[in-house]
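Readers should treat all values here as calculations from the given coordinates under stated rules, not as data from a laboratory. Keep in mind it's a predicted model, so treat the numbers as computed, not measured. Every residue, glycine as well, gets a Cβ built from its backbone with ideal geometry; the counts of neighbours run over all protein chains shown.
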């Protein structure tokens with residue numbers, strides 16, 4: 001019988017499910033012909049017969065016969081060997097495949113998987129991003145394991161779009177996609193997903209929020225009741241009676257109040273310490289004994305410019321597990337333990353769920369209630385923590401009288417202003433600026449900024465966005481919102497001192513919503529650049545209002561979004577108004593409370609003394625407002 005007739009007979013048997021008959025016919029054909037078709041049909045037949053290793057060998061044979069596209073057969077053979085546990089053969093073929101197709105995702109998947117099983121990461125860095133080009137669910141799942149922790153890796157946006165299509169009901173994938181879309185300013189994803197979520201919320205469906213981290217939730221959602229439902233945190237909630245049992249533990253009180261601060265941000269170039277360090281060193285040593293419980297990584301401590309050594313006693317707990325860290329803190333007999341991290345990156349807030357000190361406090365790191373974290377008090381002020389917020393917090397309110405945010409006037413850089421020409425800015429136009437992290441540039445924020453720019457076509461916005469993808473997405477969104485290309489200019493990230501020099505070239509800062517500028521707003525005010533905001537609906541959206549009141553510029557807080565646009569427009573169009581505002585800000589810098597670290601510290605110490613006294617008397621926490629000290633009559637510096 002001619003070759004083609006035999007091959008047709010074998011194929012007919014295969015199509016009819018008579019795989020043994022097909023196998024018999026094909027074995028004879030392969031022995032007598034160099035043709036590729038019977039080899040491939042044999043490989044498929046062996047797979048149908050449940051013989052994957054034999055099929056892999058046959059695909060490998062097909063690769064040797066195929067002069068045009070051997071990589072197709074190598075890919076099949078390598079994966080079959082891998083799935084069958086023949087990892088040495090799989091890896092050898094994957095290396096061959098990698099040599100032919102440099103970025104092949106199947107080769108990457110096999111080589112990474114094989115070496116990881118051996119406890120090595122030999123190929124991870126070189127090949128992990130190759131997996132994202134695939135549509136194979138196994139490849140994408142491995143990619144998620146390898147790159148999802150790196151928020152700066154743009155491949156995460158591509159990856160999670162694919163995973164979202166593959167797993168439409170997976171809330172964790174959905175919320176991860178939203179997070180990466182914020183990092184890279186993908187407004188199409190943000191608008192579609194946020195609209196769908198808001199519709200679900202209106203129908204009482206809030207389950208998706210359990211998959212979102214509290215920090216990313218604040219980037220787009222200003223509803224305090226819903227913020228509490230964002231509970232994707234690495235902290236198990238403490239037992240219901242944990243706080244009562246902790247307060248009932250025996251404790252030795254001393255003449256001084258022993259304060260412990262818990263953080264991994266303890267180097268002088270971190271934003272937290274640009275706020276906090278002058279308050280820290282202003283503590284009254286006759287009344288307070290301060291210990292820093294530090295789990296800052298060594299590589300960040302190496303960035304410290306030398307101020308760290310002036311902060312007092314530091315206990316390093318970074319290398320300790322939780323049990324050892326708890327023991328180390330207890331050994332210091334701390335009266336009040338203050339968590340400066342909350343639900344931010346690399347937190348160890350879980351330590352607050354153990355009986356470590358009579359009083360546990362949440363402050364500064366996270367702008368909201370820290371779900372699942374056992375703190376007695378949250379420190380705020382009347383702006384960020386109005387009475388209407390109390391039902392949405394498990395922590396008891398301690399409100400400082402002027403602002404919750406400390407600021408360092410002693411070590412904070414304030415270099416000579418840079419010229420506009422140095423940054424390509426026009427000298428004859430009104431320049432708005434926005435230097436917050438680009439993840440805060442929510443669709444809501446973009447809409448408000450666009451409204452300001454449309455109302456003021458001769459003005460421009462100078463905003464900080466990094467990365468080509470994020471910049472292109474932002475430019476596209478502005479154009480969709482009717483903003484001309486000449487009305488915005490991107491600024492890169494810079495070292496802090498250089499950034500503070502350039503910021504002074506702008507006329508007026510625009511806030512972000514619903515997550516305001518926090519350290520960024522106080523940086524702008526320190527640099528002499530006023531910031532316009534409007535009243536918010538949760539802690540994160542009320543911070544700029546707090547800071548502007550503390551620096552004596554309450555008129556820059558609009559009542560709502562429409563008034564925000566009107567206020568910005570009035571400042572642009574009234575000659576001399578921005579000059580008068582900036583002069584007032586410069587005058588207030590060393591007179592108003594915002595940058596008065598010593599005054600802030602005295603208020604904070606009153607708060608700690610009140611907390612300690614209640615605990616000493618065996619009383620449960622109770623909300624209180626710290627009384628305001630008399631106004632200063634002279635500059636504090």
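Observations, loosely collected:
- Of 313, 614, the sequence from fewest to most neighbouring Cβ atoms within 10 angstrom is 313, 614.
- Whole-angstrom gap from region 194-218 to region 563-634, using each part's C-alpha centre: 33
- Alpha-carbon centroid distance for the pair region 50-82 / region 269-337, whole angstrom: 59
- Shown is the FRET efficiency for residue 563 and residue 120, computed with R0 = 60 Å from the Cβ-Cβ distance and rounded to the nearest 0.05: 0.50.
- Our helix-only sum for the chain, with -39,500 (n - 2.57) per DSSP H run of n ≥ 4 divided by its residues, gives a mean residue ellipticity at 222 nm of -13500 deg cm²/dmol.
- Here is the tail figure for region 562-619: Cα pairs spaced more than 14 Å apart come to 72 percent of all pairs.
- Separation between Cα centres of region 499-540 and region 352-430, rounded to whole Å: 13
- Within region 275-385, the proportion of C-alpha pairs whose separation exceeds 17 Å stands at 59%.
- Segment residue 167-residue 427, extension gain: residue separation times 0.36 nm, minus the distance between their alpha carbons: 88.4 nm
- Using alpha-carbon coordinates, inclination of helix 70-83 to the longest axis of the chain, degrees: 70
- On Cα atoms only, tilt of 577-588 relative to the major axis of the chain in degrees: 70
- In a fully extended conformation the segment linking residue 24 and residue 616 would gain 204.2 nm over its present Cα-Cα distance, using 0.36 nm per residue.
- Gyration tensor verdict on region 420-589 (Cα atoms; rounded if a/c is under 1.5, prolate if a/b is larger than b/c, oblate otherwise): rounded
- Length gained when the stretch residue 498-residue 198 is fully extended (0.36 nm per residue, less Cα-Cα span): 104.0 nm
- Counting only alpha carbon atoms, the long axis of helix 597-616 and the longest principal axis of the chain meet at about 80°.
- Placing a label point 7 Å from the Cα of residue 489 along the Cα-to-Cβ line, the residues of region 398-429 whose backbone N sits under 20 Å from it are 415-429.
- Inverse mean reciprocal Cα-Cα distance (Kirkwood Rh) of the chain, Å: 28.2
- Of the peptides 128-137, 329-338, the ranking by mean beta-carbon count within 10 Å, highest at the top, reads 329-338, 128-137.
- Each of 430, 187, 300 has some number of other Cβ atoms within 10 Å of its Cβ, and from fewest to most they run 300, 430, 187.
- Spin-label model distance (nm) - residue 88 vs residue 8, 7 Å beyond Cα toward Cβ: 4.6
- Over every Cα atom in region 155-227, the radius of gyration and the widest Cα-Cα span, Dmax, amount to 11.6, 34 Å.
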